[in-house]
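Student: This is the structure, below, for whatever I ask next.
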Amino acid sequence: MITRSYILANLKALDRKYINAKCQKESLFYSKLALLEVCGWIEESMDEIIISHASRHLTDTNNLAFVKGQIIKRTHGFDYENNFRQMLIKLIGIIKVEKLEKCLDQGKLMQFRTTLDGLKMARDPEAHTHIKGVTRRINAPSITLAQFPALYDGLLEFRTALRRAKF
């Protein structure tokens, strides 16, 4: 199950702290943390979708260990094409991924992918640097919160489609 209550509570708490920040640098910390927090949640949710589908269909424990060790553990990121879609391809095959994508709500899929792309562009420089000054700009936690529904709906769309699929 893709849990959203914890991440929403965290994002709302960070937004409150951002609003009450005493200086620009403090607000940058809350913005950066909100961005990193939601991206971590996305990765965990993608992993959960893969492992959940594998657990429902694989009976050999070695195959399940393979999924955990060679597919999930080796995937670092939340990019749709390079991370999530590749995990799906490794798990169910490219033909089935194509069929899966066609049965998804295309509006939700497009919004999900667009939101992921935007988050990745915002996150990558933040994940590999520290805050040196106060001239940087990072989206406020409220922006990250506003992006959340598209992310949640997209992940839920994949989970539901996989559960309905015959593969």
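The values are calculated or read from the model by the stated rules, or taken from the named source; none is laboratory data. This structure is a prediction, so every number in the text was calculated from the model and none was measured. With ideal geometry, Cβ positions are generated from the backbone for all residues, glycine too; neighbour counts draw on all protein chains shown. For the accessible areas, the whole protein counts, side chains as well, though only heavy atoms, and no ligand, DNA or RNA atoms are used. Shrake-Rupley method; radii C 1.70, N 1.55, O 1.52, S 1.80 Å.
Student: Restricting to region 35-56, count the residues that are buried (at least 16 other Cβ atoms within 10 Å of the Cβ) and polar (S, T, N, Q).
Tutor: Looking only at that region, the number is 1.
Student: What pairs can you find where one residue is in region 74-95 and within 20 Å of residue 164 (Cα to Cα), the other is surrounded by fewer than 18 Cβ atoms within 10 Å (Cβ to Cβ) and at pLDDT below 95, and their Cβ atoms are less than 7 Å apart, with a gap of 6+ or different chains?
Tutor: Note: pairs meeting the criteria are 92/167.
Student: Ok, one more. Quick check, is residue 25 of a type in the set (D, E, K, R) and modelled with pLDDT under 95?
Tutor: yes
Student: Among the candidates 25, 32, single out the residue that is outside any loop (DSSP other than H, G, I, E, B), crowded, with 20+ Cβ neighbours inside 10 Å and either at positive phi or charged (D, E, K, R) (or both).
Tutor: 32
Student: Kindly provide the set of residues from region 98-109 that are in contact with an Asp or Glu (Cβ under 8 Å, 6 or more places away or on another chain) and either open to solvent by 70 Å² or more (accessible area, probe 1.4 Å) or not in a helix (DSSP H, G or I) (or both), ordered by number.
Tutor: Listed by number, the residues that qualify are 104, 105, 108.
Student: Got at least one residue in region 3-20 being open to solvent by 60 Å² or more (accessible area, probe 1.4 Å), in a loop (DSSP other than H, G, I, E, B) and under 26 Å from residue 75 (Cβ atoms)?
Tutor: Yes, region 3-20 contains at least one residue that is open to solvent by 60 Å² or more (accessible area, probe 1.4 Å), in a loop (DSSP other than H, G, I, E, B) and under 26 Å from residue 75 (Cβ atoms).
Residue-by-condition table, conditions (1) open to solvent by less than 40 Å² (accessible area, probe 1.4 Å); (2) farther than 24 Å from residue 3 by Cβ; (3) acidic (Asp, Glu):
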residue: 73; (1), (2), (3): no, no, no
residue: 80; (1), (2), (3): yes, no, no
residue: 96; (1), (2), (3): no, yes, no
residue: 112; (1), (2), (3): yes, no, no
residue: 118; (1), (2), (3): yes, no, no
residue: 128; (1), (2), (3): no, yes, no
residue: 131; (1), (2), (3): yes, yes, no
residue: 141; (1), (2), (3): yes, no, no
residue: 151; (1), (2), (3): yes, no, no
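For every residue, the table says whether it meets (1) farther than 30 Å from residue 15 by Cα; (2) in a helix (DSSP H, G or I).
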{"position": "43", "(1), (2)": "no, yes"}
{"position": "49", "(1), (2)": "no, yes"}
{"position": "53", "(1), (2)": "yes, yes"}
{"position": "59", "(1), (2)": "yes, no"}
{"position": "62", "(1), (2)": "yes, yes"}
{"position": "65", "(1), (2)": "yes, yes"}
{"position": "70", "(1), (2)": "yes, yes"}
{"position": "85", "(1), (2)": "yes, yes"}
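Student: Next question. (1) over 18 Å from the mean Cα position of the chain (by Cα); (2) without any contact (Cβ under 8 Å) to a residue 24 or more places away in the chain; (3) open to solvent by 40 Å² or more (accessible area, probe 1.4 Å): which one isn't true of residue 136, the others all being true?
Tutor: (2)
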